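Below is one structure, written out as structure tokens, with a few remarks after it.
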Amino acid sequence: MDTHSFTLLTDTAPGLIVDNSDHYFYPTKTYRVVNGEGVTLRPECNYFGFVSGGIAKISFGQRPKYTLLAGMYFSSPGTFKMENTTCNHTLVLIEVLPEKHYETIGFSSFFTIGGPVESKGRLSAGEGLTQTALIPPLRSGDPSLVHQHYTSDIVEAHKVRPHYSLSIVTKGHGFCTSPFGNVRVESGNVFLIKESGYSYAPGVDGQPHPVGKHGIETRNSSIDLITFLPK
């Protein structure tokens, strides 16, 4: 489903699921990797990954292999390797291209492994939301990875963002709401929130609303998101 606020991606097949490589400022690609299949790693790129199921094994340089369980995450330059093992796994991999903003700032991922994520975030952000910076930006302009936990039965006020974001639903279910329509999201889904861009489009009420205006709503269930922020 695609609206002026978000794009919902439910395909579970391995391969490219979001192509933002032509973004004017923050070029990225997002892949679903199943048992090591679905992406060809590029050494000149940088990566953020989240293991959504099973057990994944990666190696970096001369270091030993690392085992990542479901709920764990990592960042790395593109020189890491995903090991082909008998362990079944599914992960979402975000590829940061060395172009435009990222080329300008000379972005390079710091090799990091963490998790599994906790049951809720460490920092209260209001409206039933707690969040934790899993992989924070090491300097201004760097991308980051955040865990967001929304409690049950909340309605978040609509807002806009100056840049897009990409979220993986790791647990629970809820709704992405917007003036352009609402959609249910649940564990396993990936969705893209669009940036505002200071443009407007007609909503379901026939009135103009800012592109990218959105919120999260939960009913009888909490929801957990792993969110990639490009800046």
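Just a few scattered comments:
- Taken together, ARG32, ARG42 contain a single residue that is under 22 Å from ILE193 (Cβ atoms) and basic (Lys, Arg), which is ARG32.
- Test: LEU134 is in contact with a His (Cβ under 6 Å, 6 or more places away or on another chain), at pLDDT 95 or above and not polar (S, T, N, Q): yes
- The stretch 64-77, subset surrounded by fewer than 16 Cβ atoms within 10 Å (Cβ to Cβ) and at pLDDT 85 or above, residue farthest from ASN35 (Cα to Cα): LYS65
- Picking from residues in the stretch 88-117 that are in a loop (DSSP other than H, G, I, E, B) and closer than 20 Å to ILE168 by Cβ, the one that is modelled with the highest pLDDT is LEU97.
- Checking each residue in the stretch 62-103 for being within 14 Å of SER21 (Cβ to Cβ), among the aromatic types (Phe, Trp, Tyr) and either more than 19 Å from the chain's Cα centre (by Cα) or outside the structural domain of GLY38 (by TED's automatic domain parsing) (or both) picks out no residue at all.
- Scanning the stretch 178-193 for residues that are farther than 16 Å from SER221 by Cα and either touching a Gly at 6+ places or on another chain (Cβ under 6 Å) or in a strand (DSSP E or B) (or both) turns up PRO179, PHE180, VAL190, PHE191, LEU192, ILE193.
- For SER178, the criteria (1) at pLDDT below 95; (2) touching a His at 6+ places or on another chain (Cβ under 6 Å); (3) not acidic (Asp, Glu) hold in every case but one, which is (1).
- Among residues of the stretch 119-176, those that are under 15 Å from LEU192 (Cα atoms), free of Cβ contacts under 8 Å to residues at least 60 places away in the same chain and hydroxyl-bearing (Ser, Thr, Tyr), counted: 0
- The residues of the stretch 9-48 that are buried (at least 17 other Cβ atoms within 10 Å of the Cβ) and within 18 Å of HIS101 (Cβ to Cβ), listed by number, are VAL18, ASN20, HIS23, TYR26, PRO27, THR28, LYS29, THR30, CYS45, ASN46, TYR47, PHE48.
The values are calculated or read from the model by the stated rules, or taken from the named source; none is laboratory data. Just so it is clear, the structure is predicted and the values come from calculations on it, not from any experiment. A quick note on method: Cβ atoms are made from the backbone with ideal geometry, for glycine too, and the neighbour counts reach across all protein chains shown.
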